[in-house]
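> Mind having a look at this structure? Questions to follow.
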Amino acid sequence: MNVQIFAKFLTAPDPGVCGGAVHAQRDLIDIISRRSGFSGAEFSKRAPMAIELTVNRQKRNVEADPEKPLLWALREDLKLPGTKFGCGAGLCGACTVLMDGQPIRACQTPIGAVGEAAITTIEDVSSHPAGPAVLKAWGDLDVPQCGYCQAGQIMTATWMLGEFPDPSDEDVDAIMSGNICRCSTYLRIRAAIRQAANARAAGGAA
């Protein structure tokens with residue numbers, strides 16, 4: 001799969017290959033979000049503050065409650081839908097972004113706690129040294145099935161290869177264990193990480 005096309009697939013509001021199922025999943029997530037209070041709507045009732053965030057190498061301004069989760073600021077205020085809502089409790093990894101290069105759960109990080117830290121989302125993962133190789137491997141090996149968790153998977157994998165250029169299978173399994181894939185594409189994820197590691201060692205993304 002072409003890397004540019006694959007990147008657009010990942011950053012679409014609802015990536016996936018099962019059209020009807022994806023729309024149903026989106027509707028279900030919207031309902032759960034509203035009823036559970038996980039969405040950013042509850043924060044719109046509070047007095048907003050002007051908060052400056054550095055997202056994908058750009059200064060962005062958000063008018064919101066400082067307690068609003070970064071996930072919803074990204075999706076609702078900054079119109080960056082690539083970061084996904086999964087569990088709302090920081091357990092599944094779907095909302096993983098990088099903050100000053102370290103993976104965090106955006107659903108559990110209030111925007112008031114970000115400060116001057118630099119946030120990188122899936123929309124700009126190619127700016128990370130390991131990002132292009134990871135994206136290419138994910139596309140080459142057709143890693144996604146429904147695709148919903150894959151942005152978070154890629155963010156964690158990208159960070160890992162920056163810290164551990166030649167991880168063992170055991171390393172991969174341990175580090176990626178916090179990112180859940182409900183389609184169980186774990187073997188393809190591991191293979192893609194290995195391909196990306198080999199490509200980086202050879203001096204390129206191919």
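> Mind listing the phi-derived Karplus ³J(HN,Hα) values for region 123-137, rounded to whole Hz, using 6.51, -1.76 and 1.60 with θ = phi - 60°, and x for any glycine or proline?
Running phi through 6.51 cos²θ - 1.76 cosθ + 1.60 with θ = phi - 60° gives 4, 10, 4, 5, 6, 6, x, 8, x, x, 5, 5, 4, 5, 5 Hz.
> Moving on to the next point. Taking amide H positions as placed in the peptide plane 1.01 Å from N, state which residues far from Cys146 in sequence (5 or more) or on other chains have amide H under 5 Å from it.
Under 5 Å from the amide H of Cys146: no residue qualifies.
> Something else now. Can you list residues from other chains, or at least 5 along the same chain, whose modelled amide H is less than 5 Å from the amide H of Met49?
Those lying under 5 Å, H to H, from Met49 are Ala64, Asp65.
> With θ set to phi - 60° and the Karplus curve 6.51 cos²θ - 1.76 cosθ + 1.60, what are the ³J(HN,Hα) couplings of region 97-111 in order, to the nearest whole Hz, using x for Gly and Pro?
In residue order, the calculated couplings are 10, 9, 10, 6, x, 9, x, 9, 9, 5, 6, 10, 10, x, 5 Hz.
> Right, something else. Return the aspartates and glutamates within reach of Lys84: Cα separation strictly under 16 angstrom, same-chain partners fewer than 8 residues apart disregarded; answer none if there are no such residues.
Partners within reach: Asp14, Asp27, Asp30, Glu76, Glu123, Asp124.
> A further question follows. Between Leu91 and Leu187, with labels modelled 7 Å along Cα→Cβ, what's the label distance in nm to one decimal, could you check?
If labels sit at Leu91 and Leu187, their model points lie 2.8 nm apart.
> Sticking with this structure for a sec: Filter the GluC sites (Glu not before Pro) in region 113-187 down to the DSSP loop ones having no more than 12 other Cβ atoms within 10 Å, then list what survives.
Those satisfying the criteria are Glu116.
> Another question, if that's okay. If we count other beta carbons within 10 Å of each Cβ, what is the order of Cys95, Cys149, Cys181, fewest first?
The fewest-first ordering by Cβ neighbours comes to Cys181, Cys149, Cys95.
FYI, it's all coordinate maths here, none of it is from the lab. Computed from a predicted model, the values in this text were never measured in an experiment. So basically every Cβ, Gly included, is an ideal-geometry build from the backbone, and we count neighbours across all protein chains shown.
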